[in-house]
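Here's the structure, in structure tokens; my notes come after.
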Amino acid sequence: MHPFALRSVPEPRLDVLGSVGSPRVELLSIAAQSKATPAVASRGVAAGGIVGTPRSPKRVGLAGLASSLVLGAMLVGCSDEGAQPAASAKSDSAASASATAGGESTPAIGVPALPDDLPNALVLALSAFDARKPGDQGPPVPLPAELELIVRRGGQWIATRMTDPESNVFHKALAYTTPEGEQVLLTGGGTKALLKLWRKQAGQLVSQTIWEKDFGGKFSRMRDIEVGDVDGDGSRVIAVATHDQGVVAVVRPKEGGYSVEELDHEKNTFVHEIELGDVDGDGVLEIYATPSEPNRLDGSEQEGHVVRYVPKKGEGRKIVADLGKRHAKEILVHDVDGNGKDELYVLVEGQKAPSGEGLLHRTEIWRYEADTPPDQGVPIAEFEDRLGRFLTPADLDGDGRKEIVAALYQKGVWWLEPGEDVSKPWTKRVVDRDSKSFEHAAIATDLDGDGRQELYVANDDGKSIRRYVWNGRRLVKEEIYARQDDRSILTWNIMPIPVALVPDAAAAAPSASAQ
Ligand SMILES: [Ca+2]
Ligand SMILES: [Ca+2]
Ligand SMILES: [Ca+2]
Ligand SMILES: [Ca+2]
């Protein structure tokens, strides 16, 4: 999958945009959307009805890449029983066109108001592969590591692409505040494995590599990043999961630079995920990680477990979840039940039946409190799917009680809510059956700043980024960005960042070129 050889020549620590081998920024698309989307109760509108008032497509000719979108905002049926099909969520261009004719005098129904400009943007960390051509042999060749940045400005969702030829995947990008108080973008890349800080200078992002490592195996990737006060001294420590030698590391800001401590190392082991939390409630953050055997994508047996490190107490690897012959690539540590202590949630992957027909195990979520024995995780949900790679904590309906959103490989996006007894199966409602992706990155975040979270999901199979927002009765679905090219894209992560960290596409236009 990642055949690019590692270069042995050390790279300069600073890259200036526009120089050879430097990041490139392109404007991808501007999605037009109605400015008038007043909050109106969904009175009289059947679930699945078209409720948006999309405008006709608008073209922007920057760099020959800009394209247009027709947006359809739709109501998503969320049965309280769960397992009910999402109400038909297809876009209806005829309805869109007629709605457009009404312009702003036609109020949208059931779509909460959305300001024209938002202070926060989304950053998506991607792998991109060229489209397969007839006769292509061998594994797909990864293109340079890529970020998509989606900003709402002037009543439009605007997408910008930034690529970094030093790696062939970005696994995560997030906002980070340095000890000096600077807001920067922190990225983790793969092959080559680079942890970088990006500062906005003259409208462009300029990188500083703070950790670079060839782990010595087949792949070297910075696979996941979490930031927290692991040392309990107020500093923002960066915890990193890597491929493929089982390295879990903490990167600490130190004396104006960054020092790396590798907490663990285990041959031929992939660590997919890092979470930070205080499950035992003693005020000290623990680090959770998911080492597993190298990936077997055929759905056969793959052993794994969830481990914990407590650097502040000098505590090394301890198994907290023993998954037997199964494994997990996604965990969540969060106080979902609201009792003041975090819990660990493990998205245990399903397993194909040896006969090849159906599943031997469904994908399940197991829940652990501090005193749950490693082999006695409590199943709170199961799904008729082979994989699930994304859990995000949420309070989408804004009632102050938290939920978990689970995004599965083939079987959609689900909303899980605990009942009185958190150890009993949780209430399961479908958010969107028609959303699919191998990784299926999702984030619940209050991008529009109205005090209530919205859900953003990368529907890679459908080449779209969708937003789901509560309208008082239901989640309303809106496509905020559609990928226009025929490359194969894997979205590994979505995070909110301040708009100030988004590179200025216009400034980069001279260096941008069509694919
Ligand atoms: Ca603790
Ligand atoms: Ca709790
Ligand atoms: Ca809630
Ligand atoms: Ca909001």
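Please work out which one of (1) touching a Pro at 6+ places or on another chain (Cβ under 6 Å); (2) surrounded by 18 or more Cβ atoms within 10 Å (Cβ to Cβ) is the condition residue 289 fails and give its number.
Result: residue 289 fails condition (1) only.
How many residues does the stretch 374-399 hold that are touching a residue at least 60 places away in the same chain (Cβ under 8 Å) and either within 11 Å of ligand 3 (Cβ to nearest atom) or touching a helix residue (DSSP H, G or I) at 6+ places or on another chain (Cβ under 9 Å) (or both)?
Number satisfying all stated conditions: 5.
Can you tell me which residue in the stretch 407-427 is nearest to the chain's Cα centre (by Cα), limited to those that are crowded, with 21+ Cβ neighbours inside 10 Å and in a strand (DSSP E or B)?
Checked the stretch 407-427; the qualifying residue nearest to the chain's Cα centre (by Cα) is 407.
Within the bounds of the stretch 301-311, is there any residue that is at pLDDT 95 or above, more than 16 Å from ligand 1 (Cβ to nearest atom), surrounded by 13 or more Cβ atoms within 10 Å (Cβ to Cβ) and within 23 Å of the chain's Cα centre (by Cα)? Steps first, answer last, please.
Of the residues in the stretch 301-311, the ones at pLDDT 95 or above are 306-311.
After this cut, where a residue has to be more than 16 Å from ligand 1 (Cβ to nearest atom) as well, the list is none.
No.
When residues of the stretch 318-364 are filtered for being charged (D, E, K, R), surrounded by fewer than 16 Cβ atoms within 10 Å (Cβ to Cβ) and within 16 Å of ligand 3 (Cβ to nearest atom), how many remain?
The qualifying residues number 1.
Please find, within the stretch 381-403, the residue that is modelled with the lowest pLDDT out of those that are away from ligand 4 (no atom under 16 Å from the Cβ) and under 18 Å from residue 458 (Cβ atoms). Even if it seems obvious, please write down each step before you answer.
Step one: filter the stretch 381-403 for residues away from ligand 4 (no atom under 16 Å from the Cβ), giving 381-391, 401.
Now restrict to residues that are under 18 Å from residue 458 (Cβ atoms): 385, 387-391.
Values: 385: 93, 387: 90, 388: 94, 389: 94, 390: 96, 391: 98.
Applying the filter and picking the extreme gives 387.
Please go through the stretch 428-437 and give me each residue that is in a loop (DSSP other than H, G, I, E, B) and touching a residue at least 60 places away in the same chain (Cβ under 8 Å), ordered by number. Break it down stepwise before answering.
To start, the set of residues in the stretch 428-437 that are in a loop (DSSP other than H, G, I, E, B) comprises 433-437.
Passing the criteria: 433, 434.
When the stretch 480-492 is examined, which residues are found to be out of contact with any helix residue (DSSP H, G or I) (no Cβ under 9 Å at 6 or more places or on another chain) and more than 16 Å from ligand 4 (Cβ to nearest atom)?
Initially, the stretch 480-492 is screened for residues out of contact with any helix residue (DSSP H, G or I) (no Cβ under 9 Å at 6 or more places or on another chain), giving 480-481, 484-487, 492.
Once the filter is applied, which keeps residues that are out of contact with any helix residue (DSSP H, G or I) (no Cβ under 9 Å at 6 or more places or on another chain) and more than 16 Å from ligand 4 (Cβ to nearest atom), the stretch 480-492 yields 481, 484, 485, 486, 487, 492.
Residues that are more than 23 Å from residue 427 (Cβ to Cβ), at least 3 per element: which strands (runs of 3 or more DSSP E) completely within the stretch 304-381 meet that? Don't jump to the end; show me each part of the working.
Values: elements: 305-310, 315-322, 328-334, 343-348, 359-361, 363-368.
Qualifying strands (runs of 3 or more DSSP E): 305-310, 315-322.
Determine which member of the set 475, 447 is farther than 24 Å from residue 365 by Cβ and among the aliphatic types (A, V, I, L, M). Walk me through it before giving the result.
Numbers: 475 fails: farther than 24 Å from residue 365 by Cβ.
That would be 447, the only listed residue that is farther than 24 Å from residue 365 by Cβ and among the aliphatic types (A, V, I, L, M).
Can you tell me which residue is nearest to ligand 2 (Cβ to nearest atom) among those in the stretch 258-288 that are modelled with pLDDT under 95 and either over 22 Å from residue 216 (Cβ atoms) or of a type in the set (A, V, I, L, M, F, W, C) (or both)?
Selected residue: 271.
For residue 103, all conditions in the list (1) within 24 Å of residue 467 (Cα to Cα); (2) at pLDDT 95 or above hold save one; what is the number of the exception?
Failing condition for residue 103: (2).
Residues to consider are 382, 343, 364; find the one that is within 16 Å of ligand 1 (Cβ to nearest atom) and under 23 Å from residue 304 (Cβ atoms). Give the derivation first.
Working: 382 fails: within 16 Å of ligand 1 (Cβ to nearest atom); 364 fails: within 16 Å of ligand 1 (Cβ to nearest atom).
Step by step, each of 382, 343, 364 is checked, and only 343 is within 16 Å of ligand 1 (Cβ to nearest atom) and under 23 Å from residue 304 (Cβ atoms).
Please work out if residue 223 is more than 16 Å from residue 194 (Cβ to Cβ), at pLDDT 95 or above and among the charged types (D, E, K, R). Walk me through how you get there before you give the answer.
On the way: more than 16 Å from residue 194 (Cβ to Cβ): no; at pLDDT 95 or above: yes; among the charged types (D, E, K, R): yes.
In short, no.
Can you tell me which residues in the stretch 262-283 are more than 16 Å from ligand 1 (Cβ to nearest atom) and not hydrophobic (A, V, I, L, M, F, W, C)?
Across the stretch 262-283, the qualifying residues are 262, 264, 265, 266, 267, 268, 269, 272, 273.
Restricting attention to the stretch 333-359, and to residues there that are in contact with a Leu (Cβ under 8 Å, 6 or more places away or on another chain) and within 12 Å of ligand 2 (Cβ to nearest atom), which single residue is nearest to residue 386 (Cα to Cα)?
At the first step, the residues of the stretch 333-359 found to be in contact with a Leu (Cβ under 8 Å, 6 or more places away or on another chain) are 333, 344-354.
From the residues that got through so far, the ones that are within 12 Å of ligand 2 (Cβ to nearest atom) too are 333, 344-345.
Working: 333: 22, 344: 21, 345: 18 Å.
It comes out as 345.
The values are calculated or read from the model by the stated rules, or taken from the named source; none is laboratory data. As the structure is a prediction and not an experimental result, all values here were calculated from the model. Ideal geometry is used to build each Cβ from the backbone, glycine not excepted, and the neighbour counts take in all protein chains shown.
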